[in-house]
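Here the structure is laid out as C-alpha cells; the discussion comes afterwards.
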Amino acid sequence: MKLGAVLMAAGAGRRFGGNKLLYPVEGVPLIDRAMAALPAALFPLAAVVSRCPEILTRAAASGYLPVDNPGAGEGQSASVRLGLAALGGVDAALFAVCDQPFLTTESIMRLISAFQASPGCIHALSWQGRRGNPVIFPRICFPDLLALRGDTGGGAVIRARPDLLRLTEAASPAELRDVDWKSDL
C-alpha cells in the first residue's frame, strides 16, 4: 500500500497578518515544524503545495517535492488537486495543514498504523472523538477530492462518506490546535 503525503501550505494568512508559515514558534518557523512532524522520508512520495518561493525552497531542502500553486486564490481545493496530482499513482494520500505547531511524529505514526490496519477507510487524527488534521484518504476518495472546487477541502469528502471515517486519538489536544491569529500563539 503506497501512501503519499501532501502538506498544504498555500494559504494567504490574512487573519494572521501575513505568511504565518514563516513565523517562528519556539524559534522554528511553522512550515519547518510541519515538515519535522511529517518527515518526507516516511512516504515514498511527499509534496508541499505553496505559492511562496521561500516555502517551496525549504520543502525541496527537506526532501519534499515542491509544488507551486499559482491558483491558490481559489482556496483549499486547488492545493488538494495539485497535491494529489503530484503524488502520481499512490494508493492513499495523507493531507496535512501546516499551522499545527505541536503536531508530533508519534501521532502521525499511530495514524499511519491505523490506516494500514484498515486501508479502505478515511483516517483522521482526533481528540476525544472530534475530528482534526491530518487526514488519510484511500484511492476510492480520489475522484471526490479531484472534483473539489473553491475554498473546500477534504472535509466535504468526509461529510459525504461518513461511513468510511475512522478516528485516531492524538497524544494531546495541543497537537490539533491550529494557528489562525497571532493571539493563538
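The values are calculated or read from the model by the stated rules, or taken from the named source; none is laboratory data. Since the structure is predicted, the reported quantities are computational estimates derived from the model, not experimental observations. Cβ atoms come from the backbone with ideal geometry, glycine included; neighbour counts cover every protein chain shown.
Residue count for the range 42-57 satisfying the condition of being under 26 Å from A92 (Cβ atoms) and part of a helix (DSSP H, G or I): 3. When the residues of the range 145-168 are filtered to those that are part of a loop (DSSP other than H, G, I, E, B) and touching a strand residue (DSSP E or B) at 6+ places or on another chain (Cβ under 9 Å), which remaining residue is surrounded by the fewest Cβ atoms within 10 Å (Cβ to Cβ)? Of everything passing the filter in the range 145-168, R161 is surrounded by the fewest Cβ atoms within 10 Å (Cβ to Cβ). In a loop (DSSP other than H, G, I, E, B), touching a residue at least 12 places away in the same chain (Cβ under 8 Å) and in contact with a strand residue (DSSP E or B) (Cβ under 9 Å, 6 or more places away or on another chain): is that true of P101 in this structure? So P101 passes the test. Look at A114 and say whether it is free of Cβ contacts under 8 Å to residues at least 12 places away in the same chain and of a type in the set (G, A, S). For A114, the condition - free of Cβ contacts under 8 Å to residues at least 12 places away in the same chain and of a type in the set (G, A, S) - is not met. Each residue in the range 40-75 was checked for being surrounded by fewer than 21 Cβ atoms within 10 Å (Cβ to Cβ), aliphatic (A, V, I, L, M) and either in contact (Cβ under 8 Å) with a residue 24 or more places away in the chain or closer than 20 Å to I136 by Cβ (or both), and 6 pass. When the residues of the range 112-127 are narrowed to those that are among the polar types (S, T, N, Q) and in a helix (DSSP H, G or I), which ends up farthest from A171 (Cα to Cα)? By that ranking, first place goes to Q116.
Inside the range 24-39, residues that are surrounded by fewer than 19 Cβ atoms within 10 Å (Cβ to Cβ) and at pLDDT below 95 make up a count of 5.
From the list F142, F102, exactly one residue is surrounded by 15 or more Cβ atoms within 10 Å (Cβ to Cβ) and touching a helix residue (DSSP H, G or I) at 6+ places or on another chain (Cβ under 6 Å). Which is it? The match here is F102.
Mind listing whichever residues of the range 59-78 are at pLDDT 95 or above and either within 18 Å of P101 (Cα to Cα) or assigned to a helix (DSSP H, G or I) (or both)? Within the range 59-78, A59, A60, A61, S62 meet the criteria.
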